[in-house]
Amino acid sequence: MSFYENRILPHLIGLSCSQKPIMMERAKILPHAEGRVLEVGLGAGPNLPLYNPAKVTQLIGLEPSAGMRRKAAPAIAASPVPVELIGLPGEEIPLDDDSVDTVVLTYTLCTIPGFNAALAQMRRVLKPGGRLLFSEHGAAPDPGVAKWQRRIEPVWKRIAGGCHLTRPIPKLIEESGFAIGDMEAWYLPGAPKIAGFNYRGFASIR
């Protein structure tokens, strides 16, 4: 891992992922998490203060980046819910089948290299009747914006930790065996349109 990826990128990601419009989206979805929760891509832990300790019994956080795990330490120490941090990627979830009540996916699916494998793992560990809570940015519906997303993505990925701008979030979720029950999609206020088309919703096992 390079110095940039280990020392600089975690701070850039932590800053960008804690901007007010994004935190507002997190705050709309995290209170719905309940029971034993798996958060894929814990990052610097911006979601931790938003969990309801009366509803969440345990939080398992997956975070493959050593730099991000180091940055998350203060948030984990102050978390209102107990956190177990695992240094593995979403493609390698070390949990039993049907073992979590809620899977949380916030601004992570854009960066997972093997997103199909990761979503299959999430489906595997989610209990029947459990829910996937997601808030992700991805492909914009407007042709002009989408064209610029495709043009900029190769450079964007190199400087933004593998973040993709063009992933069709609902399609990827549904193709992995989930049924989306409720979703809203729009441009986040104040964000550049190429990186600001947001999908927020709930899904269950189909």
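Worth pointing out:
- Selection within the range 174-187: residues that are of a type outside the set (F, W, Y) and crowded, with 17+ Cβ neighbours inside 10 Å. The member of this set that is nearest to P141 (Cα to Cα) is I180.
- So A191, is it at pLDDT below 95, touching a strand residue (DSSP E or B) at 6+ places or on another chain (Cβ under 9 Å) and more than 14 Å from V103 (Cβ to Cβ): yes
- Among the residues of the range 104-118, none qualifies, meaning not one is within 12 Å of S204 (Cα to Cα), modelled with pLDDT of 95 or more and of a type outside the set (A, V, I, L, M).
- Subset tally (residues that are in contact with a helix residue (DSSP H, G or I) (Cβ under 9 Å, 6 or more places away or on another chain), in contact (Cβ under 8 Å) with a residue 60 or more places away in the chain and under 24 Å from M68 (Cβ atoms)) for the range 112-159: 9
- Filter result for R151 (over 18 Å from I205 (Cβ atoms), of a type in the set (K, R) and modelled with pLDDT of 95 or more): yes
- The range 62-75: number of residues that are within 10 Å of L42 (Cα to Cα) and either aliphatic (A, V, I, L, M) or crowded, with 22+ Cβ neighbours inside 10 Å (or both): 5
- Within the set L59, L30, the sole residue that is closer than 26 Å to F197 by Cβ, at pLDDT 95 or above and open to solvent by less than 20 Å² (accessible area, probe 1.4 Å) turns out to be L30.
- Some residue of the range 80-97 being open to solvent by less than 20 Å² (accessible area, probe 1.4 Å), in contact (Cβ under 8 Å) with a residue 60 or more places away in the chain and not basic (K, R): no
- Of all residues in the range 98-111 being in contact with a strand residue (DSSP E or B) (Cβ under 8 Å, 6 or more places away or on another chain) and assigned to a loop (DSSP other than H, G, I, E, B), the one that is most open to solvent (accessible area, probe 1.4 Å): D98
- Leading residue by the ranking (nearest to F134 (Cα to Cα)) among those in the range 188-204 that are crowded, with 18+ Cβ neighbours inside 10 Å and of a type outside the set (G, A, S): R200
- Of all the residues in the range 118-153, those that are out of contact with any Ser or Thr (no Cβ under 9 Å at 6 or more places or on another chain), over 22 Å from P89 (Cβ atoms) and either open to solvent by less than 80 Å² (accessible area, probe 1.4 Å) or among the hydrophobic types (A, V, I, L, M, F, W, C) (or both) number 5.
- Residue count for the range 35-56 satisfying the condition of being open to solvent by less than 10 Å² (accessible area, probe 1.4 Å) and of a type in the set (G, A, S): 1.
- The set of residues in the range 154-173 being open to solvent by less than 30 Å² (accessible area, probe 1.4 Å) and either out of contact with any Gly (no Cβ under 7 Å at 6 or more places or on another chain) or over 25 Å from A27 (Cβ atoms) (or both) consists of A160, G162, C163, L165, P170, L172, I173.
The values are calculated or read from the model by the stated rules, or taken from the named source; none is laboratory data. Here the structure is a predicted model, which is why all the values come from computation and not from measurement. A quick note on method: Cβ atoms are made from the backbone with ideal geometry, for glycine too, and the neighbour counts reach across all protein chains shown. Only protein heavy atoms, including side chains, enter the accessible area calculation; ligands, DNA and RNA are left aside. Shrake-Rupley method; radii C 1.70, N 1.55, O 1.52, S 1.80 Å.
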